[in-house]
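> Could you have a look at this structure, given as C-alpha cells, before my questions?
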Amino acid sequence: MAIISSSAPGQPSAGRSSAAGSTLASGRLVDPAPVVEEESQETRVAGGEVPGREDSLRPRRLADYIGQRELKQVLGIAVEATRSRAEALDHVLLYGPPGLGKTTMALVLAEELGVRCRITSAPALERPRDIVGLLVNLQPHEVLFIDEIHRLNRVAEELLYPAMEDFRLDITVGKGTTARTRSLPLAPFTLVGATTRAGSLSSPLRDRFGLIQRLEFYDLDDLQAIVERAAGLLRLELDAAAALEVARRCRGTPRIANRLLRRVRDVALVNGHGRIHASLVVEALSLHRVDGCGLDASDRRLLTLLLEGYGGGPVGLETLAAGLGEDPATLEAVIEPFLLQLGFLQRTPRGRVITTAGRRHLGWSADSAA
Ligand code: ADE
C-alpha cells in the first residue's frame, strides 16, 4: 500500500474544488475559505505499500485478519453483496477499545472492495472546509475512514448527514441577504467511523450507519496466532510457548501484542539469543513492568489507589482520575475496559469497586481490609 500526500502528483488535493473554495456548512454561514494547499489527513491507497511500524504488521485481506469472527462474517457478506451489485458499501460504524483493529478493518474493507481508503480523524476536521474538501474529492465507492468520530463538531456532523444519506453536500454560499444554499452531488462512498465511545455519538449520526459492529477483546488462541504471524513478518524465530507468553500479557489487544513482541526482539538481539523461548519473553516483559496478566504500571496504580486510598471503593470516576492525574475519559475508555474484562474492577451506580480477584492480583487476601 502507498501513502500519498495531498501534493502527490496526479492526486486530487482536498479543498481545491469550487465547493471547498466557497465553503460553508448546512444552513450556516462561514467565511469563504482560501484554497487549501495542504491536507492534514493521511490518504492511503489500498494495494500499495504502507510504511510505518504498525502498518507493516497489519493484515491486508479479510482472510488474513485473525479473530473477530462475527465482525468478519458480517462484513464479508456485506462486501460480497456490495461487489455483486456494483454499489458503494453501506456506511460502517466500528466501536470498541483502542488497538483492536478498527483502522485495520477499514483498510481491509477498501482492499476487498478494490478502492482507496482516505484516513482522517475527527479532531483534524475542525473547519467546514476540511470535511468538504475530503468529501468532494472522493471517487465512486471509495472508503472514508474517520477515527474518533464521536469528536466531530456539529458543523462537520451536519454536513455529513445529507452526504451519508443522499451523497449530497448542502453548502451555503455568500453572506447575509445574498446567501444561497447549494446542493452538490457527491460520488457514492462508504464512511467507516471508528470510536471508543459509541455512547457519545449523537443518535442522528449513529442512525445513518447501516452496519454497526463492536470489536471485542481477542482470546488467547487468536492472540497467539497474531503474535506468530507478526514474528514471521519480522523474521523472528519464536517458540509457540513464547508466543503464548506474549499473548497472555497483551491485554487482549493486537496492537499491544505487536509492541511487546518488538520489546522482546530488542532483548533477544542485545542478549544474543537467536531463538526466542518463553523464559526470554518473561524476562523481557518484566523489565518493562508488564506482569503475567498483562497489567502495566498504570493499571496497577489504579487498582492500588482504589484499594489503599479508597478502601476498595466505591469511588467515582472523576475522583479516581484526579487521584491518578489522568483524564477521566482516558481512564474510562483506555485503562478500565481491560480491568473490567479481567474481572478486577466493577462499575457500580455508586462508583468503581475493586473485586476479590483484583485484590488477590495485588497480593492482598480476598477479605483483607484496606
Ligand atoms: N495484526 C494486528 N491485528 C491483527 C489481526 N486481527 N489479524 C492478524 N494480524 C493482526
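> Could you list, ordered by first residue, the pairs with Cβ atoms under 6 Å in which the first is in the stretch 204-230 and touching a residue at least 60 places away in the same chain (Cβ under 8 Å) and the second is in a loop (DSSP other than H, G, I, E, B) and more than 11 Å from the ligand (Cβ to nearest atom), at least 6 apart or interchain?
Going by the 6 Å Cβ cut-off, the qualifying pairs are PHE209/HIS91; GLY210/ASP90; GLY210/HIS91; LEU211/ASP90; ARG214/GLY96; LEU215/GLY96; PHE217/GLY252; TYR218/GLY252.
> Give me the helices (runs of 4 or more DSSP H) completely within the stretch 229-332, filtered to those with at least 1 residues that are touching a helix residue (DSSP H, G or I) at 6+ places or on another chain (Cβ under 6 Å), within 24 Å of LYS102 (Cβ to Cβ) and within 16 Å of the ligand (Cβ to nearest atom), ordered by residue number.
By residue number, 240-248, 254-270.
> Further question: For the stretch 186-217, which positions are of a type in the set (Gly, Ala, Ser) and within 16 Å of the ligand (Cβ to nearest atom)? Talk me through it step by step, then tell me what you get.
Taking the stretch 186-217 as the starting set, the residues that turn out to be of a type in the set (Gly, Ala, Ser) are 187, 193-194, 198-200, 202-203, 210.
Of everything in the stretch 186-217, just one residue is of a type in the set (Gly, Ala, Ser) and within 16 Å of the ligand (Cβ to nearest atom), namely ALA194.
> With out of contact with any Phe, Trp or Tyr (no Cβ under 9 Å at 6 or more places or on another chain), assigned to a strand (DSSP E or B) and crowded, with 22+ Cβ neighbours inside 10 Å as the only criterion, which of ILE146, ILE131 stands out?
ILE146
> With the requirement that a residue be β-branched (Val, Ile, Thr), closer than 29 Å to GLU80 by Cα and in contact with a Pro (Cβ under 9 Å, 6 or more places away or on another chain), what does the stretch 107-159 give you?
VAL108, VAL115, VAL136
> Here are the criteria: (1) part of a loop (DSSP other than H, G, I, E, B); (2) more than 30 Å from CYS250 (Cβ to Cβ). Tell me which single one PHE217 does not satisfy.
(2)
> Also, I was wondering about something else. When you go through (1) among the hydrophobic types (A, V, I, L, M, F, W, C); (2) surrounded by 17 or more Cβ atoms within 10 Å (Cβ to Cβ); (3) within 16 Å of the ligand (Cβ to nearest atom); (4) farther than 24 Å from GLU112 by Cα one by one for LEU220, which number turns out not to apply?
(2)
> Which pairs have Cβ atoms under 7 Å, sit 6 or more apart or on different chains, and link a residue in the stretch 56-80 that is without any contact (Cβ under 8 Å) to a residue 12 or more places away in the chain to one that is assigned to a loop (DSSP other than H, G, I, E, B) and within 11 Å of the ligand (Cβ to nearest atom)?
LYS72/TYR65
> Go through (1) at pLDDT 95 or above; (2) surrounded by fewer than 18 Cβ atoms within 10 Å (Cβ to Cβ); (3) in a helix (DSSP H, G or I) and name the single condition GLU87 misses.
For GLU87, the failing item is (3).
> Right, here's the next one. ARG151 fails exactly one of the following numbered conditions: (1) basic (Lys, Arg); (2) surrounded by 22 or more Cβ atoms within 10 Å (Cβ to Cβ); (3) more than 16 Å from the ligand (Cβ to nearest atom). What is the number of that condition?
It fails just one condition, (2).
> Kindly check whether there is at least one residue in the stretch 69-76 that is near the ligand (Cβ under 10 Å from one of its atoms) and either more than 21 Å from VAL227 (Cα to Cα) or not in a helix (DSSP H, G or I) (or both).
no
The values are calculated or read from the model by the stated rules, or taken from the named source; none is laboratory data. Keep in mind it's a predicted model, so treat the numbers as computed, not measured. A quick note on method: Cβ atoms are made from the backbone with ideal geometry, for glycine too, and the neighbour counts reach across all protein chains shown.
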